[in-house]
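A short worksheet on the structure shown next.
The values are calculated or read from the model by the stated rules, or taken from the named source; none is laboratory data. For clarity, every value in this text was computed on a predicted model and none was experimentally measured. Every residue, glycine among them, receives a Cβ derived from its backbone with ideal geometry; neighbour counts consider all protein chains shown.
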Ligand SMILES: [Zn+2]
């Protein structure tokens, strides 16, 4: 059984977002022509993100811990 998360305000099943503050440092790499080649992020940490907002109407949908699937945030690679 898959439970679809539906916004209680606009009935959208489009998903939700959280507001998080991210702190840490980044190494930005350039090649010999001065073009940026990408970035590597170091020791990022997240703050907040406890409230979930609707992507459609931006209203508060509830607590992230009640809505999120439980996929581990450590699996995300910031590259
Ligand atoms: Zn909504």
| Single residue of 17, 30, 41, 53 found to be over 25 Å from residue 5 (Cβ atoms), surrounded by 10 or more Cβ atoms within 10 Å (Cβ to Cβ), touching a strand residue (DSSP E or B) at 6+ places or on another chain (Cβ under 8 Å) and at pLDDT 90 or above | 30
| note | Within segment 1-38, residues being part of a strand (DSSP E or B), without any contact (Cβ under 8 Å) to a residue 40 or more places away in the chain and away from the ligand (no atom under 16 Å from the Cβ) number 13
| residue 47, sole failed condition from (1) within 16 Å of the ligand (Cβ to nearest atom); (2) within 16 Å of the chain's Cα centre (by Cα); (3) in contact (Cβ under 8 Å) with a residue 12 or more places away in the chain | (1)
| request: Scan segment 53-70 for residues that are under 16 Å from residue 13 (Cβ atoms) and within 11 Å of the ligand (Cβ to nearest atom) and jot them down. | output: 53, 54, 55, 56, 57, 58, 59, 61
